[in-house]
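> Following this message is one structure expressed as C-alpha coordinates.
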Amino acid sequence: MIIRSLSIRNFRNIASADFIFDPKVNIFTGNNAQGKTNLCEAISVCFGKSFRNPKTSELLPFGSLDTETSVEACFSFDSMPDKENVVTYTQKNSSFRLKFNGIGMKDAEELYGALRYVLFIPEDLYIVKGDPEKRRNYIDFVSNMINRVHNSKLYEYNKALRQKNNILINMQSYDNSALMMLDSWNETLAKLGVNVMCGRIRYFDMLAAGAKKYYSLLNSNNEILDVKYESSVMGDTPFTPEDHILMYETYLNKLNESKDRERRMKYTVVGAHRDDVSFFINNMPAKDFASQGQVRSIAVALKLAEAEMITEKSGDVPIVILDDVLSELDEFRRAFIINHIDKFQIFITSCNLSDTEKFESGKIWNVSDGKFTLKD
Ligand code: ATP
Ligand code: MG
(Lines give C-alpha, C1' and ligand atoms only; values in the text may rest on other atoms or scores of the structure.)
(Ligands and ions follow the chains in the order given, each with its own letter.)
Protein backbone atom coordinates (compact mmCIF):
# COMPACT_ATOMS: atom_id res chain seq x y z
CA MET A 1 0.00 0.00 0.00
CA ILE A 2 0.99 3.62 -0.28
CA ILE A 3 -0.21 6.72 1.51
CA ARG A 4 -0.97 9.32 -1.12
CA SER A 5 -1.77 12.25 1.12
CA LEU A 6 -2.14 13.21 4.75
CA SER A 7 -3.81 16.15 6.51
CA ILE A 8 -3.15 16.93 10.15
CA ARG A 9 -4.97 19.46 12.33
CA ASN A 10 -4.13 20.23 15.96
CA PHE A 11 -2.06 17.14 16.65
CA ARG A 12 0.53 17.77 19.41
CA ASN A 13 2.77 20.63 18.11
CA ILE A 14 1.46 20.35 14.53
CA ALA A 15 -1.31 22.96 14.11
CA SER A 16 -1.92 22.32 10.44
CA ALA A 17 -0.03 20.33 7.82
CA ASP A 18 -0.95 18.86 4.45
CA PHE A 19 1.21 16.46 2.49
CA ILE A 20 1.13 14.82 -0.90
CA PHE A 21 3.62 12.02 -0.52
CA ASP A 22 6.08 10.49 -2.92
CA PRO A 23 5.12 6.88 -3.67
CA LYS A 24 8.66 5.81 -2.70
CA VAL A 25 10.77 7.99 -0.42
CA ASN A 26 9.69 10.78 1.94
CA ILE A 27 12.23 12.45 4.20
CA PHE A 28 11.64 14.92 7.04
CA THR A 29 14.62 16.82 8.40
CA GLY A 30 14.78 19.31 11.21
CA ASN A 31 16.37 20.07 14.55
CA ASN A 32 15.42 18.26 17.72
CA ALA A 33 11.93 18.82 19.10
CA GLN A 34 10.40 20.27 15.92
CA GLY A 35 7.72 17.64 15.16
CA LYS A 36 9.33 14.78 13.21
CA THR A 37 8.29 11.99 15.55
CA ASN A 38 4.91 13.69 16.04
CA LEU A 39 4.35 13.33 12.29
CA CYS A 40 5.29 9.62 12.40
CA GLU A 41 2.89 9.22 15.31
CA ALA A 42 0.09 10.97 13.38
CA ILE A 43 0.52 8.37 10.61
CA SER A 44 0.41 5.54 13.16
CA VAL A 45 -2.79 6.95 14.67
CA CYS A 46 -4.44 6.62 11.25
CA PHE A 47 -3.26 3.02 11.12
CA GLY A 48 -5.13 2.19 14.31
CA LYS A 49 -3.04 3.16 17.31
CA SER A 50 -0.19 5.47 18.34
CA PHE A 51 3.10 3.63 18.77
CA ARG A 52 3.85 5.87 21.75
CA ASN A 53 0.86 4.50 23.65
CA PRO A 54 -0.15 7.90 25.02
CA LYS A 55 -3.26 8.85 26.94
CA THR A 56 -5.64 10.18 24.28
CA SER A 57 -5.59 13.66 25.85
CA GLU A 58 -1.82 13.88 25.33
CA LEU A 59 -2.34 14.14 21.57
CA LEU A 60 -4.16 17.47 21.94
CA PRO A 61 -1.97 20.56 21.57
CA PHE A 62 -0.73 21.84 24.93
CA GLY A 63 -3.19 24.24 26.55
CA SER A 64 -6.00 23.80 24.04
CA LEU A 65 -8.05 20.98 25.43
CA ASP A 66 -11.24 22.06 23.63
CA THR A 67 -9.88 21.96 20.08
CA GLU A 68 -10.64 19.14 17.73
CA THR A 69 -7.73 17.02 16.54
CA SER A 70 -7.95 15.34 13.18
CA VAL A 71 -5.70 13.27 10.96
CA GLU A 72 -6.85 12.09 7.56
CA ALA A 73 -4.88 9.72 5.34
CA CYS A 74 -5.72 8.81 1.74
CA PHE A 75 -4.10 5.63 0.58
CA SER A 76 -4.39 2.86 -1.97
CA PHE A 77 -3.82 -0.88 -1.73
CA ASP A 78 -1.51 -2.63 -4.19
CA SER A 79 -4.32 -4.92 -5.29
CA MET A 80 -6.47 -1.90 -6.31
CA PRO A 81 -4.05 0.94 -7.04
CA ASP A 82 -6.70 3.21 -8.57
CA LYS A 83 -9.12 3.07 -5.65
CA GLU A 84 -8.59 5.75 -3.06
CA ASN A 85 -9.35 4.83 0.56
CA VAL A 86 -9.62 7.25 3.43
CA VAL A 87 -8.98 6.81 7.13
CA THR A 88 -9.96 9.62 9.45
CA TYR A 89 -9.06 9.98 13.08
CA THR A 90 -10.90 12.70 14.96
CA GLN A 91 -10.62 13.52 18.63
CA LYS A 92 -12.33 15.94 20.95
CA ASN A 93 -11.29 15.97 24.60
CA SER A 94 -10.53 12.34 25.36
CA SER A 95 -12.88 10.62 22.97
CA PHE A 96 -11.87 9.72 19.47
CA ARG A 97 -13.45 8.24 16.36
CA LEU A 98 -11.80 6.26 13.66
CA LYS A 99 -13.46 5.89 10.26
CA PHE A 100 -12.45 3.77 7.32
CA ASN A 101 -14.04 4.99 4.07
CA GLY A 102 -16.70 6.76 6.13
CA ILE A 103 -17.59 3.71 8.24
CA GLY A 104 -16.94 3.96 11.99
CA MET A 105 -14.57 1.37 13.43
CA LYS A 106 -15.50 -0.11 16.78
CA ASP A 107 -11.92 -0.10 17.93
CA ALA A 108 -8.48 0.29 16.49
CA GLU A 109 -7.98 -3.48 16.35
CA GLU A 110 -10.37 -3.60 13.41
CA LEU A 111 -7.84 -1.73 11.31
CA TYR A 112 -4.94 -4.01 12.15
CA GLY A 113 -4.32 -6.45 9.41
CA ALA A 114 -5.83 -4.14 6.82
CA LEU A 115 -3.43 -1.25 7.27
CA ARG A 116 0.03 -2.39 8.07
CA TYR A 117 3.14 -0.42 8.76
CA VAL A 118 6.59 -1.32 9.98
CA LEU A 119 8.25 1.08 12.34
CA PHE A 120 11.82 1.69 13.43
CA ILE A 121 12.28 3.94 16.46
CA PRO A 122 15.55 4.41 18.35
CA GLU A 123 14.19 2.26 21.23
CA ASP A 124 14.37 -0.69 18.82
CA LEU A 125 18.14 -0.74 19.32
CA TYR A 126 17.34 -2.53 22.59
CA ILE A 127 16.12 -5.48 20.55
CA VAL A 128 19.80 -6.10 19.82
CA LYS A 129 21.49 -4.82 22.97
CA GLY A 130 18.83 -5.02 25.66
CA ASP A 131 17.44 -7.78 27.86
CA PRO A 132 16.26 -11.08 26.35
CA GLU A 133 12.70 -10.00 27.17
CA LYS A 134 12.93 -7.25 24.50
CA ARG A 135 13.88 -9.84 21.87
CA ARG A 136 11.15 -12.27 22.97
CA ASN A 137 8.60 -9.46 22.85
CA TYR A 138 9.73 -8.53 19.36
CA ILE A 139 9.56 -12.12 18.09
CA ASP A 140 6.15 -12.53 19.72
CA PHE A 141 4.97 -9.26 18.13
CA VAL A 142 6.11 -10.39 14.66
CA SER A 143 4.68 -13.90 15.13
CA ASN A 144 1.33 -12.46 16.15
CA MET A 145 1.29 -10.06 13.24
CA ILE A 146 1.51 -12.98 10.83
CA ASN A 147 -0.65 -15.35 12.82
CA ARG A 148 -3.21 -13.65 15.05
CA VAL A 149 -3.63 -16.63 17.45
CA HIS A 150 -0.05 -16.34 18.72
CA ASN A 151 -0.87 -13.80 21.45
CA SER A 152 -3.65 -15.93 22.86
CA LYS A 153 -1.27 -18.91 23.07
CA LEU A 154 1.27 -16.73 24.80
CA TYR A 155 -1.40 -15.49 27.19
CA GLU A 156 -2.39 -19.06 28.15
CA TYR A 157 1.26 -19.99 28.65
CA ASN A 158 2.00 -16.97 30.85
CA LYS A 159 -1.12 -17.59 32.92
CA ALA A 160 -0.11 -21.21 33.57
CA LEU A 161 3.44 -20.10 34.33
CA ARG A 162 2.21 -17.59 36.93
CA GLN A 163 0.08 -20.24 38.60
CA LYS A 164 2.94 -22.71 38.80
CA ASN A 165 5.32 -20.03 40.10
CA ASN A 166 2.77 -19.14 42.80
CA ILE A 167 2.89 -22.73 44.02
CA LEU A 168 6.71 -22.62 44.05
CA ILE A 169 6.64 -19.38 46.04
CA ASN A 170 4.12 -20.59 48.60
CA MET A 171 5.05 -24.28 49.05
CA GLN A 172 6.59 -25.63 52.23
CA SER A 173 9.57 -28.01 51.99
CA TYR A 174 7.77 -31.39 52.00
CA ASP A 175 4.36 -30.63 50.65
CA ASN A 176 3.16 -33.70 48.72
CA SER A 177 0.03 -32.17 47.31
CA ALA A 178 2.04 -29.17 46.03
CA LEU A 179 4.54 -31.58 44.43
CA MET A 180 1.73 -33.37 42.63
CA MET A 181 0.30 -30.07 41.47
CA LEU A 182 3.72 -29.05 40.16
CA ASP A 183 3.91 -32.27 38.10
CA SER A 184 0.57 -31.53 36.57
CA TRP A 185 1.53 -27.89 35.84
CA ASN A 186 4.72 -29.12 34.18
CA GLU A 187 2.68 -31.17 31.72
CA THR A 188 0.46 -28.17 31.00
CA LEU A 189 3.44 -25.86 30.62
CA ALA A 190 5.25 -28.27 28.29
CA LYS A 191 2.16 -28.42 26.07
CA LEU A 192 1.52 -24.66 26.06
CA GLY A 193 5.23 -23.81 25.86
CA VAL A 194 5.64 -25.95 22.73
CA ASN A 195 2.73 -24.03 21.17
CA VAL A 196 4.48 -20.73 21.90
CA MET A 197 7.83 -21.95 20.59
CA CYS A 198 6.23 -23.33 17.42
CA GLY A 199 4.45 -19.99 16.87
CA ARG A 200 7.76 -18.18 17.18
CA ILE A 201 9.89 -20.42 15.00
CA ARG A 202 7.31 -20.97 12.25
CA TYR A 203 8.29 -17.68 10.60
CA PHE A 204 11.64 -17.19 12.27
CA ASP A 205 13.77 -18.59 9.46
CA MET A 206 12.12 -16.23 7.02
CA LEU A 207 12.78 -13.24 9.29
CA ALA A 208 16.38 -14.33 9.93
CA ALA A 209 17.08 -14.84 6.20
CA GLY A 210 15.57 -11.43 5.37
CA ALA A 211 17.62 -9.72 8.08
CA LYS A 212 20.78 -11.42 6.80
CA LYS A 213 20.05 -10.24 3.26
CA TYR A 214 19.32 -6.64 4.26
CA TYR A 215 22.31 -6.50 6.60
CA SER A 216 24.67 -7.47 3.81
CA LEU A 217 23.09 -4.87 1.48
CA LEU A 218 23.50 -2.26 4.22
CA ASN A 219 27.25 -2.59 4.72
CA SER A 220 30.22 -2.25 2.44
CA ASN A 221 32.55 -4.45 4.53
CA ASN A 222 31.20 -7.89 3.59
CA GLU A 223 29.94 -8.36 7.14
CA ILE A 224 27.63 -11.34 7.54
CA LEU A 225 24.74 -11.30 10.00
CA ASP A 226 23.32 -14.50 11.47
CA VAL A 227 20.20 -14.55 13.63
CA LYS A 228 19.50 -17.58 15.79
CA TYR A 229 16.59 -18.63 18.02
CA GLU A 230 18.08 -19.84 21.31
CA SER A 231 15.80 -22.31 23.04
CA SER A 232 16.35 -22.96 26.73
CA VAL A 233 14.56 -26.26 26.21
CA MET A 234 16.07 -27.64 23.01
CA GLY A 235 19.64 -26.32 23.48
CA ASP A 236 21.69 -27.21 20.40
CA THR A 237 19.24 -29.86 19.12
CA PRO A 238 17.86 -28.60 15.81
CA PHE A 239 14.06 -28.46 15.67
CA THR A 240 11.21 -27.32 13.44
CA PRO A 241 7.49 -26.82 14.24
CA GLU A 242 6.89 -30.35 12.88
CA ASP A 243 8.96 -31.82 15.74
CA HIS A 244 6.38 -30.97 18.41
CA ILE A 245 6.36 -34.48 19.94
CA LEU A 246 10.13 -34.38 20.39
CA MET A 247 9.79 -30.82 21.70
CA TYR A 248 7.12 -31.80 24.22
CA GLU A 249 9.17 -34.73 25.54
CA THR A 250 12.36 -32.68 25.78
CA TYR A 251 10.43 -29.84 27.45
CA LEU A 252 8.96 -32.15 30.08
CA ASN A 253 12.35 -33.79 30.73
CA LYS A 254 13.97 -30.39 31.19
CA LEU A 255 11.26 -29.32 33.62
CA ASN A 256 11.66 -32.56 35.56
CA GLU A 257 15.46 -32.20 35.66
CA SER A 258 15.06 -28.65 36.99
CA LYS A 259 12.75 -29.54 39.88
CA ASP A 260 15.32 -29.10 42.68
CA ARG A 261 16.67 -25.89 41.21
CA GLU A 262 13.28 -24.32 40.78
CA ARG A 263 12.25 -25.19 44.29
CA ARG A 264 15.35 -23.39 45.50
CA MET A 265 14.88 -20.43 43.15
CA LYS A 266 11.08 -20.41 43.55
CA TYR A 267 10.38 -19.90 39.87
CA THR A 268 10.35 -21.93 36.67
CA VAL A 269 13.90 -21.82 35.37
CA VAL A 270 13.38 -23.33 31.93
CA GLY A 271 10.84 -22.85 29.16
CA ALA A 272 9.58 -20.59 26.39
CA HIS A 273 9.76 -17.60 28.77
CA ARG A 274 13.55 -18.05 28.98
CA ASP A 275 14.23 -18.33 25.25
CA ASP A 276 16.23 -15.69 23.44
CA VAL A 277 17.38 -14.58 20.02
CA SER A 278 21.08 -14.07 19.24
CA PHE A 279 22.66 -11.91 16.59
CA PHE A 280 26.13 -12.68 15.28
CA ILE A 281 28.23 -10.51 12.98
CA ASN A 282 30.94 -12.59 11.32
CA ASN A 283 30.28 -15.22 14.02
CA MET A 284 30.86 -12.79 16.92
CA PRO A 285 27.93 -12.10 19.29
CA ALA A 286 26.57 -8.66 18.47
CA LYS A 287 25.35 -8.09 22.03
CA ASP A 288 28.97 -8.02 23.24
CA PHE A 289 30.95 -6.83 20.25
CA ALA A 290 28.82 -4.83 17.80
CA SER A 291 29.51 -1.12 17.32
CA GLN A 292 26.68 1.43 17.52
CA GLY A 293 26.38 1.57 13.73
CA GLN A 294 26.31 -2.23 13.54
CA VAL A 295 23.63 -2.46 16.22
CA ARG A 296 21.54 0.11 14.36
CA SER A 297 22.08 -1.71 11.07
CA ILE A 298 20.89 -4.99 12.62
CA ALA A 299 17.72 -3.31 13.91
CA VAL A 300 17.03 -1.73 10.51
CA ALA A 301 17.74 -5.02 8.68
CA LEU A 302 15.28 -6.77 11.01
CA LYS A 303 12.58 -4.18 10.32
CA LEU A 304 13.04 -4.45 6.56
CA ALA A 305 12.90 -8.23 6.85
CA GLU A 306 9.68 -7.82 8.85
CA ALA A 307 8.21 -5.65 6.06
CA GLU A 308 9.18 -8.22 3.45
CA MET A 309 7.64 -11.01 5.52
CA ILE A 310 4.35 -9.12 5.86
CA THR A 311 4.35 -8.58 2.09
CA GLU A 312 4.87 -12.26 1.45
CA LYS A 313 2.35 -13.50 4.01
CA SER A 314 -0.43 -10.92 3.58
CA GLY A 315 0.00 -10.10 -0.11
CA ASP A 316 -0.04 -6.39 0.69
CA VAL A 317 3.04 -4.21 0.98
CA PRO A 318 3.28 -2.33 4.29
CA ILE A 319 4.64 1.20 4.52
CA VAL A 320 7.90 1.62 6.45
CA ILE A 321 8.50 4.44 8.94
CA LEU A 322 12.11 4.93 10.02
CA ASP A 323 12.30 7.54 12.77
CA ASP A 324 15.74 8.95 13.47
CA VAL A 325 17.41 6.09 11.69
CA LEU A 326 20.37 7.74 9.96
CA SER A 327 22.46 8.97 12.88
CA GLU A 328 25.53 6.82 13.66
CA LEU A 329 25.43 5.30 10.17
CA ASP A 330 28.25 5.80 7.68
CA GLU A 331 27.69 7.29 4.25
CA PHE A 332 27.27 3.93 2.53
CA ARG A 333 24.58 2.79 4.99
CA ARG A 334 22.76 6.12 4.83
CA ALA A 335 22.80 6.11 1.03
CA PHE A 336 21.38 2.57 1.00
CA ILE A 337 18.50 3.57 3.27
CA ILE A 338 17.55 6.75 1.43
CA ASN A 339 18.01 5.44 -2.11
CA HIS A 340 17.73 1.68 -2.32
CA ILE A 341 14.82 0.45 -0.24
CA ASP A 342 12.64 0.31 -3.30
CA LYS A 343 10.10 -2.34 -2.31
CA PHE A 344 8.22 -0.12 0.15
CA GLN A 345 7.01 3.44 0.50
CA ILE A 346 9.25 4.84 3.23
CA PHE A 347 9.09 7.75 5.63
CA ILE A 348 12.44 8.75 7.13
CA THR A 349 13.18 11.41 9.73
CA SER A 350 16.59 12.90 10.38
CA CYS A 351 18.09 15.74 12.41
CA ASN A 352 20.73 16.41 9.77
CA LEU A 353 19.97 17.80 6.37
CA SER A 354 23.50 16.73 5.38
CA ASP A 355 22.42 13.08 5.92
CA THR A 356 20.42 13.46 2.73
CA GLU A 357 23.20 14.89 0.51
CA LYS A 358 23.29 11.76 -1.62
CA PHE A 359 19.49 11.62 -1.98
CA GLU A 360 18.53 10.61 -5.51
CA SER A 361 14.76 10.78 -5.80
CA GLY A 362 11.69 11.44 -3.66
CA LYS A 363 10.52 14.32 -1.49
CA ILE A 364 12.18 16.14 1.40
CA TRP A 365 10.47 18.41 3.90
CA ASN A 366 12.08 20.65 6.45
CA VAL A 367 10.35 20.66 9.85
CA SER A 368 10.46 23.66 12.15
CA ASP A 369 8.16 24.32 15.10
CA GLY A 370 5.52 21.93 13.80
CA LYS A 371 5.52 23.45 10.30
CA PHE A 372 6.60 21.47 7.25
CA THR A 373 8.16 23.05 4.15
CA LEU A 374 8.68 20.99 1.02
CA LYS A 375 12.17 21.43 -0.45
CA ASP A 376 12.43 22.17 -4.19
P1 ATP B 1 13.98 14.71 17.96
O2 ATP B 1 14.86 14.98 16.79
O3 ATP B 1 14.60 15.20 19.22
O4 ATP B 1 13.48 13.33 18.05
P5 ATP B 1 11.34 15.55 17.01
O6 ATP B 1 11.34 16.54 15.90
O7 ATP B 1 11.08 14.14 16.65
O8 ATP B 1 12.72 15.71 17.79
P9 ATP B 1 8.86 15.46 18.47
O10 ATP B 1 8.97 14.28 19.33
O11 ATP B 1 8.07 15.34 17.23
O12 ATP B 1 10.32 16.04 18.12
O13 ATP B 1 8.31 16.64 19.39
C14 ATP B 1 8.27 17.98 18.92
C15 ATP B 1 7.78 18.87 20.03
O16 ATP B 1 6.41 18.63 20.27
C17 ATP B 1 8.49 18.69 21.36
O18 ATP B 1 8.99 19.94 21.80
C19 ATP B 1 7.41 18.22 22.29
O20 ATP B 1 7.56 18.69 23.61
C21 ATP B 1 6.19 18.83 21.64
N22 ATP B 1 4.94 18.19 22.06
C23 ATP B 1 4.69 16.94 22.46
N24 ATP B 1 3.41 16.75 22.76
C25 ATP B 1 2.80 17.92 22.53
C26 ATP B 1 1.47 18.39 22.68
N27 ATP B 1 0.50 17.57 23.11
N28 ATP B 1 1.21 19.68 22.36
C29 ATP B 1 2.17 20.50 21.91
N30 ATP B 1 3.47 20.13 21.78
C31 ATP B 1 3.77 18.87 22.08
MG1 MG C 1 11.99 12.37 17.24
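One line per residue, one yes/no per condition, for (1) more than 16 Å from ligand 1 (Cβ to nearest atom); (2) closer than 13 Å to residue 126 by Cα:
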position	(1), (2)
287	yes, yes
292	yes, yes
296	no, yes
309	yes, no
312	yes, no
320	yes, no
325	no, no
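> Identify, from the list 33, 42, the residue that is within 16 Å of ligand 2 (Cβ to nearest atom), without any contact (Cβ under 8 Å) to a residue 60 or more places away in the chain and either out of contact with any strand residue (DSSP E or B) (no Cβ under 8 Å at 6 or more places or on another chain) or outside the structural domain of residue 349 (by TED's automatic domain parsing) (or both).
33
> Can you name the residue in segment 95-105 that is part of a strand (DSSP E or B) and open to solvent by less than 90 Å² (accessible area, probe 1.4 Å) and is also farthest from residue 1 (Cα to Cα) among such residues?
Ranking the qualifying residues of segment 95-105, first place goes to 95.
> Let me spell it out: the conditions are (1) at pLDDT 90 or above; (2) more than 10 Å from ligand 1 (Cβ to nearest atom); (3) within 23 Å of residue 362 (Cα to Cα), and residue 35 meets all of them except one. Which number is the exception?
(2)
The rows are residues; the columns are (1) touching a Ser or Thr at 6+ places or on another chain (Cβ under 8 Å); (2) surrounded by 17 or more Cβ atoms within 10 Å (Cβ to Cβ); (3) assigned by TED's automatic domain parsing to the domain that holds residue 53; (4) at pLDDT 95 or above.
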{"residue": "93", "(1), (2), (3), (4)": "yes, no, yes, no"}
{"residue": "135", "(1), (2), (3), (4)": "no, yes, no, yes"}
{"residue": "153", "(1), (2), (3), (4)": "no, yes, no, yes"}
{"residue": "170", "(1), (2), (3), (4)": "no, no, no, no"}
{"residue": "177", "(1), (2), (3), (4)": "no, no, no, no"}
{"residue": "186", "(1), (2), (3), (4)": "no, yes, no, yes"}
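> Could you figure out which of (1) without any contact (Cβ under 8 Å) to a residue 24 or more places away in the chain; (2) more than 12 Å from ligand 1 (Cβ to nearest atom); (3) open to solvent by less than 70 Å² (accessible area, probe 1.4 Å) isn't true of residue 71?
Failing condition for residue 71: (1).
> Follow-up. Within segment 244-259, identify whether any single residue is touching a residue at least 24 places away in the same chain (Cβ under 8 Å), in contact with a Cys (Cβ under 7 Å, 6 or more places away or on another chain) and open to solvent by 20 Å² or more (accessible area, probe 1.4 Å), and answer yes or no.
The answer is yes, given that some residue of segment 244-259 is touching a residue at least 24 places away in the same chain (Cβ under 8 Å), in contact with a Cys (Cβ under 7 Å, 6 or more places away or on another chain) and open to solvent by 20 Å² or more (accessible area, probe 1.4 Å).
> For segment 268-376, please list each of the helices (runs of 4 or more DSSP H) lying entirely inside it that holds at least 3 residues being over 23 Å from the mean Cα position of the chain (by Cα).
331-339
The values are calculated or read from the model by the stated rules, or taken from the named source; none is laboratory data. The structure presented is a predicted model; accordingly, all values stated were derived computationally and were not measured. Positions of Cβ are generated from backbone atoms using ideal geometry, with glycine treated the same way; all protein chains shown enter the neighbour counts. With ligands, DNA and RNA removed, areas are computed over all heavy atoms of the protein, side chains included. Shrake-Rupley method; radii C 1.70, N 1.55, O 1.52, S 1.80 Å.
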